[in-house]
1. So ASP343 clears everything in (1) within 16 Å of ILE405 (Cβ to Cβ); (2) more than 20 Å from the chain's Cα centre (by Cα); (3) in a strand (DSSP E or B) except one condition, right? Which one?
2. What strands (runs of 3 or more DSSP E) completely inside segment 93-180 contain at least 3 residues that are within 22 Å of the chain's Cα centre (by Cα) and under 30 Å from ARG46 (Cα atoms)?
3. What's the number of the condition MET213 fails, among (1) modelled with pLDDT of 90 or more; (2) touching a Pro at 6+ places or on another chain (Cβ under 6 Å)?
4. Suppose we filter segment 111-149 for residues that are under 24 Å from GLY414 (Cα atoms), open to solvent by 30 Å² or more (accessible area, probe 1.4 Å) and among the β-branched types (Val, Ile, Thr); how many remain?
5. Within segment 232-278, restricting attention to residues that are of a type in the set (S, T, N, Q) and in contact (Cβ under 8 Å) with a residue 60 or more places away in the chain, which residue is surrounded by the fewest Cβ atoms within 10 Å (Cβ to Cβ)?
6. Just one of (1) part of a strand (DSSP E or B); (2) under 22 Å from VAL54 (Cα atoms) trips up ALA397, so point out which.
7. Please indicate, with yes or no, whether at least one residue in segment 185-206 is open to solvent by 20 Å² or more (accessible area, probe 1.4 Å), part of a loop (DSSP other than H, G, I, E, B), modelled with pLDDT of 90 or more and in contact with a Lys or Arg (Cβ under 6 Å, 6 or more places away or on another chain).
8. Taking segment 346-382 as the region of interest, how many residues are in a strand (DSSP E or B), open to solvent by 60 Å² or more (accessible area, probe 1.4 Å) and modelled with pLDDT under 95?
Amino acid sequence: MDVSFAIWSDDSRRLLIVGHLDFSADRDCWIVPVDGGAAVDTGVLRQARQRDLVIVSMAIAWTGDSIFFTAAGRQGIHVWRQRISPTTYAAIGSPELMTPGGESEYFPTVSRHRLGFVGVHTDTNMWCVGIDSRTGKADGAPRRLTRGAGLVSNFSVSRDGNGLAYFAAGPGGVELRVRDMQRGTDAILDGEAGISRGFPVISLDGKRIAFSMLVPGPPVRRPVYVANLANGAARLIFEDCGGRARLWLDDDRLLAETFGSGLNSFVVLDTRTATQRPLLSSRDRRLSNPRLSPDAQWLAFDATLPGGSPSVFVARLDGSEAADETAWLRVATAASHPFWSRDGRLLYYLPTTPTVDIRNKVAAQAFDSRDGHVNQDPIDVLTLSETIVPAMITSAAPIVAGDQIVFLLGNYRGDIWMMSLEESE
């Protein structure tokens, strides 16, 4: 089983594990007896996804017949409770909102019929900061691009840096948006009512967008659609590609991050022929956060050993082929979420500072596209003092759009709160 979180039961005879047993499925909560016996799929997170909730963190709390988790929905980012059967451990009924109000709540913990959590003012939005063209460092202070409750993520940008696609979950529901970076205006990609869509990737020419439906299952499917931004017309390319599209390699081919092996790998999706082929995989590392260099000759990504800290690597691309794992070049250790400067001379990334889950620094290294050589003296690009990058949120990788870096940033300063569960019964 691929495990991302574990917590004891009240009597210490069982573990609640967040992870995969069947790698074709999304992560969910499993209960495992410590003295042997089969793991039981509770379906708790599946229930949440079926109600258009976006799981924000895999940190879960459990007591008795209640499992608590953090998710984003129309109300914002809050702690929810899912009841489970005391005998079968299957989810019963719908998730229950535990922390209504104007703040966001994270990191639930529970003990002695009390629920604790961190409450902060709702402020997780898209920001940007200018880049000095000579040094590659941040020029000025970050400025806000979006406002409001909810969550934005999955930033992708067109070749000219003017069109930026992103995912938004907030009071208005789940939306795919495309921002005109010159005008500072957003357009919403319309779709069928009641269908939740996510994981947008804008094409290099800025005229199309690839996206996926949010299909929680069972059975879990990961379809890919391509929509024309001029008229909104969408067509289904893959009913199930085994992953999520992350970027366009050219006008016809997408790179997708798949989950079928337990260790994420990258595949190429051909939108003309509706076929896919392997591109990049690892024998023992989890791969994520791919970014294509401006000249399309290099792919930067994270690679993480089980239980270890991520490192940033680059691999040379040759048409539809990628360098073998033995030929990957390590750019930085204790770092992840790489992204390229507009001219490809710098490779930016986020050091794991102060923690893997939250980051407050951006660094870069000079990159020679001829041989992949990097200058081992990192450039300190930006240190954030008031906000952080919430790396625990999936697809929180920054990106360069024109002469600025676009981030998902949040102010997570808040208070620790406690509530009685007996009063909420």
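The values are calculated or read from the model by the stated rules, or taken from the named source; none is laboratory data. Note that the coordinates shown come from a computational prediction; the quantities given were computed from them, not determined experimentally. Methodologically, a virtual Cβ is constructed for each residue, glycine included, from the backbone with ideal geometry; neighbour enumeration extends over all protein chains shown. Ligands, DNA and RNA are excluded from the accessible area calculation, which covers all protein heavy atoms including side chains. Shrake-Rupley method; radii C 1.70, N 1.55, O 1.52, S 1.80 Å.
1. (3)
2. 103-111, 114-121, 124-131, 151-157, 163-170, 173-180
3. Among (1) modelled with pLDDT of 90 or more; (2) touching a Pro at 6+ places or on another chain (Cβ under 6 Å), the lone unmet condition for MET213 is (1).
4. 2
5. Selected residue: SER261.
6. All conditions are met except number (1).
7. Going residue by residue through segment 185-206, those that are open to solvent by 20 Å² or more (accessible area, probe 1.4 Å) are 185-188, 190-195, 197, 199, 204-206.
Those still in the list that are part of a loop (DSSP other than H, G, I, E, B) too: 190-195, 204-206.
Checking which are modelled with pLDDT of 90 or more leaves us with 204-206.
Still in the running and in contact with a Lys or Arg (Cβ under 6 Å, 6 or more places away or on another chain): 204.
Among the residues of segment 185-206, at least one is open to solvent by 20 Å² or more (accessible area, probe 1.4 Å), part of a loop (DSSP other than H, G, I, E, B), modelled with pLDDT of 90 or more and in contact with a Lys or Arg (Cβ under 6 Å, 6 or more places away or on another chain), which makes the answer yes.
8. The first filter runs over segment 346-382 and keeps only residues in a strand (DSSP E or B), leaving 346-351, 354, 358-359, 361-368, 373-374, 379-382.
In the following step, the residues that additionally are open to solvent by 60 Å² or more (accessible area, probe 1.4 Å) were identified as 354, 361, 373, 380.
Those left that are additionally modelled with pLDDT under 95: 354, 373.
So the answer is 2.
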